[in-house]
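Undergrad: I have a structure here, written as structure tokens, and I will follow up with some questions on it.
The values are calculated or read from the model by the stated rules, or taken from the named source; none is laboratory data. Model, not experiment: these values are computed from the prediction. Quick reminder, even Gly has a Cβ in these numbers, built from the backbone with ideal geometry, and neighbours come from all protein chains shown. In case anyone asks, the SASA skips ligands and DNA or RNA and just uses the protein heavy atoms, side chains included. Shrake-Rupley method; radii C 1.70, N 1.55, O 1.52, S 1.80 Å.
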Amino acid sequence: MALYDSEMSLQAIGEELGLNPIKVRKLLITAGVYESEVVEKVQATFQELLIEARKC
């Protein structure tokens, strides 16, 4: 998270840590640090599905 906070790109962070940039993005999303319109839509959909599943 510190590397992302220092405004490094996902590619640069991945190179620094030996990870794929997609994995870096997933980890940042899971940590609640990385945000985008798509991430917000996915999280909202997931919450709706959880609510529906609890009704069953």
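Undergrad: What does the charge count near Y4 come to, summing +1 for each Lys or Arg and -1 for each Asp or Glu among other residues with Cβ under 15 Å from its Cβ?
TA: That works out to -2.
Undergrad: If you don't mind, another one. Kindly write out, for region 48-55 in residue order, the coupling ³J(HN,Hα) from the Karplus curve 6.51 cos²θ - 1.76 cosθ + 1.60 (θ = phi - 60°), rounded to whole Hz, with x marking Gly and Pro.
TA: 4, 5, 5, 4, 5, 5, 6, 6
Undergrad: Can you tell me the accessible area per residue over the chain, all protein chains present, probe 1.4 angstrom, in square angstrom?
TA: 83
Undergrad: If you don't mind, there's one more thing I want to ask. Sorted from largest down, give the three principal axis spans of the alpha carbons of the chain, whole angstrom values.
TA: Per principal axis, max minus min of the Cα coordinates gives 45, 18, 16 Å.
Undergrad: Here's something else I'd like to know. Let me have the relative contact order for the chain, percent, based on Cα pairs under 8 Å that are six or more residues apart.
TA: 19 percent.
Undergrad: Enter the angle in degrees (range 0 to 90, nearest 10) between the Cα long axis of helix 21-30 and the first principal axis of the Cα atoms of the chain, meaning the one along which they spread out most.
TA: Tilt of helix 21-30: around 50 degrees.
Undergrad: Report, by chain and number, residues whose modeled amide H sits under 5 Å from the one on M8, excluding near sequence neighbours (fewer than 5 apart, same chain).
TA: Those lying under 5 Å, H to H, from M8: there are none.
Undergrad: At 222 nm, what helix-only mean residue ellipticity would the chain give, in deg cm²/dmol to the nearest 500, using -39500 (n - 2.57) for each DSSP H run of four or more?
TA: Theoretical 222 nm ellipticity from helices: -21500 deg cm²/dmol.
Undergrad: Please find the FRET efficiency linking K55 to E35, where r is the Cβ-Cβ separation and R0 is fixed at 22 Å, and quote it to the nearest 0.05.
TA: 0.15
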